[in-house]
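Below is one structure, written out as structure tokens, with a few remarks after it.
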Amino acid sequence: MYSDQVPAKDLLVNAIIQRLCSISHQMVILFDHDSLVSSTVVFERIADKGFDLYDYTDNLSLYFYLENKRRMNLESENRRILIRVSADLVNLAQVPYSVLMQSDVIHLRLDDFFTGIAAKAVRELPSQYFEKLYELLQTQAQNLASYSESIDFIARRILGIDTAGISTELQFWAVLFKLHYKDTVLPEFIVNNLLNVGKELVDGYDIDLDRVLKSREYFYAFLQKEWRRFVDKWTCSAEYPRVLPFDHPDLKVYTDNFFTEGLLQRITLATPVKVETSWMACGIERSPLDNVALIQSQLSLLNSQLPGIEDNYQAWQKYAKHYARLLQLLYTQAQMPDIPALDQLRVEANSRFRDWVIKHYDSLSSLPATEPILVHQIARSMAYRRAEQASPQTALIILDGMSYDQWLCIHSELDLSGSKVQESALFAWLPTLTSISRQAIFCAQLPFYFASSLTNNSKESSQWKRFWEDAGQDSNRVHYLRLEGTEAPAIQIEKEINLNSASVIGIVINTIDNMLHGMNLGASGMHSQIRHWLKQGHLAALLKLLLDKGFELWLSSDHGNLACSGIGNIADGALSETKAARTRIYASEALAVGALEKSGSSLLWTPKGIPPQFHCLFAPYQASYLAKGKKSISHGGISLEELMVPLIKINRT
């Protein structure tokens, strides 16, 4: 059962910062054995204390980083350098002797901070709970000698789960509904405890209990099937051995949110039954006229869940999915509904998002890449998975320019039955331009490292192959292809690549980006053209071909897009490094300031991952640097529509 959880107060962060600040050297090498320094909160506090944080990957990149620091004379700013070696590299990293001689070295381990509790139990806990546990132990010291006592304490006081208090099927389902709805990451010992408790309580259901506890996707697939059985029981008196009791108050409170947020899909009834006045109407397919009510419902949800400037990046990832769902509903209407509150929400959400990006975006690039957060981390995550799963073949497909709502449009048209589909939200690279964000994907590096090719994508193929060679792959089995997507890409790939011997493939499909640059019918027109393209079957055939050949598929985008209105060209001649509609990049700060004075309400701000010689100017939300009043679908700026992109992993089940 659930109990009240303990609020965190950043005490662990303070203790970590105190340890780091006790060192006086200009350069510090931190071996982060247990991922204690792996959150944006810690990174931002470290930066506030005068450190520039570098996340170690390899010696060549480290030398490049340090040389650029020296060249830019950043030492004169009295900034110190913290080189962090992450937990997955502490036993592999061979930091150059010359760097070690100039640095002080510090090792951070859980044992240094957590006392009175079994270290094994703490190590099995996901790092996002460390702060809460540390704060509790500071106020309520423990003396838990055994592992079993420690995991029981963590389960009850940190995760709020008392497995001893679960004695009925309904209590068990209520715990699972809440865990998955809140997207709670569970340590293995909690999974095992719930497995032992639940196997008797849910006997008779067609369910793999281990998978339902570990996989959010499998859990919702199970609920989707159970919802059909539940509705059939009530509308046509169907008989089943066991039916999940969705109508109980402890479960009903989550069920309508599952449908509102798109976690479950509404079903169509075989025979018309009037359910409009029943609570079950939330999960029953209605007539198209009722889609306006669905938009209103999604709008209400988004207003209630709007994150603020101090929320974490996960809050914006979750919000971006619901926001995309709203846009998909909107752009599939035959006639755009007039809902003033919708426009107000979009402006307010993007205003908050821009403020959040300015304050927190720079810290995202140092987060561990095991589960990617920024698009340049996709390839490293693929490499980690190949190493862990011994996966023989993997392919990355980038649908250039695809926004999150357009992915939802694509997903609704694809038949992915028989496949396991995992979906998450990523941050693209800013500015959201193909030459920057897509190049970062295939280079698997921050734009800082490809300054010489920042304005073009000519080196992507060699960058992609170099990354995989460094990861231990035979370069002859690594491939890169750029396709238009309108001429049967599956056939093109079979002509170009021996799929039986290939181990890694990177594919760019330009179809959507080509559409948006010639689009005059707005965002609804984009959705219409995408559906028309999908009906030709080219993307479905490509996915099927690769899945049939045994590839694990990773599908993503380099940036989204936004319907804009021109606010006037910036008369800068050839001074700008790029003529993108929603951003300008200048090679000197003076030029950027001059452009800002000409463009009024633009934002002059450059992410730290961009080479320091460049300076970025961003247009306001829904505005472009085109002739006044000119309508376009554009990208390059800071908005939920452009910056948040999907990452989809597809495997044969």
Ratio Rg/Rh, restricted to region 478-517 and using Cα atoms, in which Rh is the Kirkwood radius: 1.03
For the chain, share of DSSP beta bridges that run antiparallel, in % to the nearest 5: 40 percent
Square roots of five times the Cα gyration tensor eigenvalues for region 87-132, Å: 28, 12, 9
Gyration tensor (Cα) of region 148-290, equivalent ellipsoid semi-axes in angstrom: 31, 16, 12
Flagged links, alpha-carbon separation over 19 Å, of Lys132/Lys608; Lys69/Lys465; Lys544/Lys649; Lys225/Lys252: Lys132/Lys608; Lys69/Lys465
Heavy atoms of Lys178 accessible to a 1.4 Å probe, total area in Å² rounded to 10: 60 Å²
10 Å binning of all Cα-Cα separations within region 96-172, expressed as whole percents from 0 upward: 16, 40, 19, 15, 7, 3, 0
Cα-only radius of gyration and Dmax that characterise region 484-544, units Å: 13.7, 44
Viscosity 1.002 mPa s, 20 °C: Kirkwood-radius Stokes-Einstein D of region 65-200 over Cα pairs, µm²/s: 116 µm²/s
Semi-axes of the equivalent ellipsoid for region 317-410, Cα gyration tensor, largest first, Å: 32, 20, 9
Assigned charges on the beta-carbon of Lys, Arg, Asp, Glu; the chain dipole about Cα centre (debye): 960 debye
Calculated SAXS-style log₁₀ I(q)/I(0) at q = 0.16 Å⁻¹ - region 359-439, Debye, Cα scatterers: -0.78
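Give, to the nearest whole percent, the P(r) tail of region 534-625 beyond 15 angstrom, counting all Cα pairs. Don't jump to the answer; show the numbers that get you there.
Working: 2807 of 4186 pairs.
The proportion of pairs with Cα distances above 15 Å equals 67 percent.
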Whole-percent pair-distance distribution, where bins are 10 Å wide, for the alpha carbons of region 456-506: 25, 48, 26, 1
Computed [θ] at 222 nm, deg cm²/dmol, the chain (DSSP H ≥ 4; -39,500 (n - 2.57); rounded to nearest 500): -13000 deg cm²/dmol
Under 11 Å, Cβ to Cβ, from Ser556 - net charge with Lys/Arg +1 and Asp/Glu -1: -1
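The values are calculated or read from the model by the stated rules, or taken from the named source; none is laboratory data. Note that the coordinates shown come from a computational prediction; the quantities given were computed from them, not determined experimentally. Neighbour counts are summed over all protein chains in view; Cβ atoms, including those assigned to glycine, are modelled from backbone coordinates with ideal geometry. Calculation scope for accessible area: heavy atoms of the full protein, side chains included, ligands and nucleic acids excluded. Shrake-Rupley method; radii C 1.70, N 1.55, O 1.52, S 1.80 Å.
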